[in-house]
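Have a look at the structure below, then the notes.
The values are calculated or read from the model by the stated rules, or taken from the named source; none is laboratory data. All figures in this text were calculated on a predicted structure; none of them were measured in a lab. Backbone-built Cβ (ideal geometry, glycine too); neighbour counts: all protein chains shown.
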Amino acid sequence: MRVAVIVAAAGVGRRMGTELPKTYLPLAGRPILAHTLAVLEAAAEVHEAAVVVHPRDLDYCREQVIAPFGFAKVRHLAAGGKERQDSVRKALEALRRGPAPDLILVHDGVRPLVTVELIRRVIDGATEHGAVIPTLPAQDTVKRVNARGEVVETLDRRELRLVQTPQGFRADLLFRAFDEAHRRGFYGTDEASLVEALGVPVVVVPGSPANIKVTTPEDLLLAEALLAVREKRDDAGRPGI
């Protein structure tokens with residue numbers, strides 16, 4: 001079974017308030033995107049990756065992230081589009097030109113703390129069900145409000161999930177979902193929403209609390225702390241330490 005991963009990294013990241021796009025900000029001495037790609041490189045089940053970046057960042061990504069760290073699984077580097085969905089679609093077009101994958105995962109480039117274990121969980125789920133997303137249960141009370149800021153409804157959090165990436169799909173299903181969305185001019189909030197629009201069930205698998213999306217300076221600090229804890233734990237587990 002051939003597995004390809006699309007890494008969506010074309011965002012500008014205005015909430016960071018930095019000139020350098022958040023994808024390339026340093027995390028423990030390496031660009032955020034480099035951490036993400038390193039996990040994909042370590043996952044034996046992943047055969048190739050297609051990375052989508054802002055058009056003006058193509059050379060920078062190639063020279064500052066892919067080449068220095070030797071990410072051999074990055075077979076495609078594509079220029080992103082106006083919306084995330086446009087960017088992922090460009091990566092799908094690149095994958096269509098090569099060996100056909102059986103499964104396609106789509107992952108946020110700024111989720112650098114994804115693990116090989118989570119990737120495997122998504123692959124196993126997509127193999128069994130065709131479409132899966134990693135999620136966490138909602139811990140806080142969630143309320144729906146109107147335009148005036150008035151509470152309309154208190155939602156049952158037992159039925160709510162916080163969605164992460166990578167999201168995993170049977171390749172033919174994801175291609176069909178994007179083709180149909182493009183035909184209709186439909187834009188979803190994530191890849192799973194396009195599959196849902198086909199009437200195909202999407203199944204949830206357990207996500208990871210550490211698999212945070214780095215979008216603010218506070219997120220970056222949290223990622224630094226989580227990474228330090230993970231490295232300390234890994235060092236403690238090595239023989240002789």
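Could you list, ordered by first residue, the pairs with Cβ atoms under 6 Å in which the first is in segment 114-138 and within 10 Å of Gly207 (Cβ to Cβ) and the second is of a type in the set (D, E, K, R) and not in a loop (DSSP other than H, G, I, E, B), at least 6 apart or interchain?
Matching pairs, first to second residue: Thr135/Arg161.
Restricting attention to segment 161-204, and to residues there that are within 22 Å of Thr215 (Cα to Cα) and assigned to a loop (DSSP other than H, G, I, E, B), which single residue is farthest from the chain's Cα centre (by Cα)?
Among them, the one singled out is Tyr187.
Quick test for you: out of Leu160, Leu155, Leu174, pick the one residue that is of a type in the set (A, V, I, L, M) and within 15 Å of Gln85 (Cα to Cα). Spell out how you get there, then give the answer.
Numbers: Leu160 fails: within 15 Å of Gln85 (Cα to Cα); Leu155 fails: within 15 Å of Gln85 (Cα to Cα).
Result: Leu174 is the single residue among Leu160, Leu155, Leu174 that is of a type in the set (A, V, I, L, M) and within 15 Å of Gln85 (Cα to Cα).
Kindly check whether there is at least one residue in segment 136-147 that is at positive phi and either in contact with a Phe, Trp or Tyr (Cβ under 9 Å, 6 or more places away or on another chain) or surrounded by fewer than 23 Cβ atoms within 10 Å (Cβ to Cβ) (or both).
No - not one qualifying residue is present in segment 136-147.
Out of all the residues in segment 28-50, which are among the hydrophobic types (A, V, I, L, M, F, W, C) and out of contact with any Leu (no Cβ under 7 Å at 6 or more places or on another chain)?
Correct list: Leu33, Ala34, Leu37, Ala38, Val39, Leu40, Ala42, Ala43, Ala44.
Quick one: would you say Thr141 is over 15 Å from Ala49 (Cα atoms), hydroxyl-bearing (Ser, Thr, Tyr) and over 20 Å from the mean Cα position of the chain (by Cα)?
Numbers: over 15 Å from Ala49 (Cα atoms): yes; hydroxyl-bearing (Ser, Thr, Tyr): yes; over 20 Å from the mean Cα position of the chain (by Cα): yes.
Here the answer is yes, as Thr141 does meet what is asked.
I'd like to check something: does segment 76-86 contain any residue that is of a type in the set (Lys, Arg), modelled with pLDDT of 95 or more and either over 20 Å from Thr215 (Cβ atoms) or assigned to a loop (DSSP other than H, G, I, E, B) (or both)?
Looking for residues that are of a type in the set (Lys, Arg), modelled with pLDDT of 95 or more and either over 20 Å from Thr215 (Cβ atoms) or assigned to a loop (DSSP other than H, G, I, E, B) (or both), one finds none in segment 76-86, hence no.
Can you name the condition, by its number, that Asp59 falls short on among (1) at pLDDT 95 or above; (2) surrounded by 14 or more Cβ atoms within 10 Å (Cβ to Cβ)?
Looking at each condition in turn, Asp59 falls short on (2).
Do we have any residue at all in segment 206-221 that's surrounded by fewer than 15 Cβ atoms within 10 Å (Cβ to Cβ), out of contact with any Phe, Trp or Tyr (no Cβ under 8 Å at 6 or more places or on another chain), assigned to a helix (DSSP H, G or I) and hydrophobic (A, V, I, L, M, F, W, C)?
yes
Could you please find all residues in segment 62-80 being surrounded by fewer than 17 Cβ atoms within 10 Å (Cβ to Cβ) and small (Gly, Ala, Ser)?
Ala67, Gly70, Ala72, Ala79
What's the number of the only condition in (1) surrounded by 16 or more Cβ atoms within 10 Å (Cβ to Cβ); (2) closer than 20 Å to Leu103 by Cα; (3) touching a residue at least 40 places away in the same chain (Cβ under 8 Å) that Val203 fails to meet?
(1)
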